[in-house]
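Before any comments, here is the structure.
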Amino acid sequence: MYDYHHQLHQKQQSRSKRTLWATLLLTLFFTIVEIVGGLLSNSLALLSDSAHMISDVIALGLSMTAIYLATRPPNARYTFGFLRFEIIASFLNGLALAIIAAGIFIEGVRRMINPQEIELGLMLSIACIGLVVNIILTVILSRSMKEEENLNVKSALWHFIGDLLSSIGVITSAVIIYFTGWAIFDPIISMVIGGIIFTGGARIIKESFLILMESVPDKYDLDEIRRTIASVEGVEDVHELHLWAISTDHYSLS
C-alpha cells in the first residue's frame with residue numbers, strides 16, 4: 001500500500017452500497033414494467049417516465065461503480081485514489097438527465113401536433129404502481145443521505161424525485177383525459193415532467209462541474225483561511241494557496 005498522505009483517500013460507505021443495490025434492483029424491475037405498459041397504452045407520459053427510469057438504471061450502475069472504486073487505496077499512479085470517479089459519474093448522470101429531458105420535450109411537441117389515442121386504464125394502473133415504488137425509493141435514498149454524504153446518492157435521489165413527480169403527472173394526465181377527452185394533456189404533462197428532470201440534471205451538472213474544476217468549496221472562505229495562517233507568529237506571507245474538493249466531503253489544501 002502506498003502511503004503518500006496522512007489522510008486516507010478512500011471511502012467505506014456501507015450504507016450507500018446497500019441503499020444503491022436495493023434501489024437498482026427495484027428500479028430495474030419497474031423499468032421493464034413501465035416500458036411494456038407505455039408501449040401497450042401508447043402513452044407518451046408513461047414512455048417519458050420509462051426513459052427516465054432507464055437513465056436511473058444507468059445512473060445507479062455508475063454510482064455503484066464509483067462507490068466500489070472509492071474503496072480502493074491510492075497507488076503510485078493515482079495518488080489521490082479513485083474518489084474522483086464519484087464526481088465523474090455524477091456529471092454523466094446529470095448530463096443524461098438533461099439529454100432525456102430534451103428528448104421528452106421534442107417528442108411532446110411532435111405529439112401535440114399529431115395527437116394519438118391512449119389506453120387510459122393501463123396508463124393509470126402502471127402510474128399508480130410507479131407512484132408507490134418511487135415513494136419507497138425516495139424515502140430510502142433520503143434516509144441514506146442523512147447518514148452518509150455522497151453526490152452519487154444525491155444525484156440518484158434527484159432522479160427519483162423526478163420519477164415521483166412524473167408518476168403524479170401521469171396520474172393527473174390520465175384523470176384529466178378521462179373526464180375531458182383532451183389527449184393533448186398527455187404531451188403537455190410530459191413536457192412539464194421534462195422540465196423538472198432538466199432542472200435536477202442541471203443542478204447535479206453544476207455541483208459536479210465545480211468539483212471537477214477544483215473550485216473552492218462553498219463552505220470555506222479562502223481569504224479567511226489566508227488571514228488565519230498569516231496571523232500565526234513567524235508567518236510573513238501566504239503564497240499559492242489552493243483549496244479544492246477531491247470528492248464530496250473530502251477536501252485538500254496546498
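Here the chain is scanned for GluC sites (Glu not before Pro) in DSSP loops (not H, G, I, E, B) that have at most 11 other Cβ atoms within 10 Å, and the longest stretch holding none of them is 1-116.
In the chain, helical runs assigned H by DSSP with n ≥ 4 each contribute -39500 (n - 2.57); averaged across all residues and rounded to the nearest 500, the mean residue ellipticity at 222 nm is -25000 deg cm²/dmol. About its Cα centre, the dipole of region 176-251 is roughly 580 debye, where the only charges are +1 on Lys and Arg Cβ and -1 on Asp and Glu Cβ.
Taken about its Cα centre, the chain carries a charge dipole of roughly 580 debye when the Cβ of each Lys and Arg holds +1 and the Cβ of each Asp and Glu holds -1. Between Ser125 and Val238, the FRET efficiency estimated from the beta carbon spacing at R0 = 51 angstrom works out to 0.20.
A dipole drawn for the chain from +1 and -1 charges on Cβ atoms has a positive end, and of Leu122, Thr65, Leu44 the residue lying farthest that way is Leu122. The slack in the chain from Phe80 to Phe179, taken as 0.36 nm per residue of separation less the alpha-carbon distance, amounts to 29.7 nm.
If the Kirkwood radius is taken over C-alpha pairs of the chain, then at 20 °C and 1.002 mPa s the Stokes-Einstein diffusion coefficient equals 107 µm²/s. Based on Cα atoms of region 114-254, Rg over Rh with Rh as the Kirkwood radius reads 1.25.
Rounded to the nearest 10 degrees, the inclination of helix 85-113 to the longest alpha-carbon principal axis of the chain is 20 degrees. Note on region 161-223: the alpha carbon radius of gyration divided by the globular reference 2.2 N^0.38 Å gives 1.74.
Read-outs throughout are calculated quantities, based only on the coordinates presented, and are distinct from any laboratory measurement. Note that the coordinates shown come from a computational prediction; the quantities given were computed from them, not determined experimentally. Backbone-built Cβ (ideal geometry, glycine too); neighbour counts: all protein chains shown.
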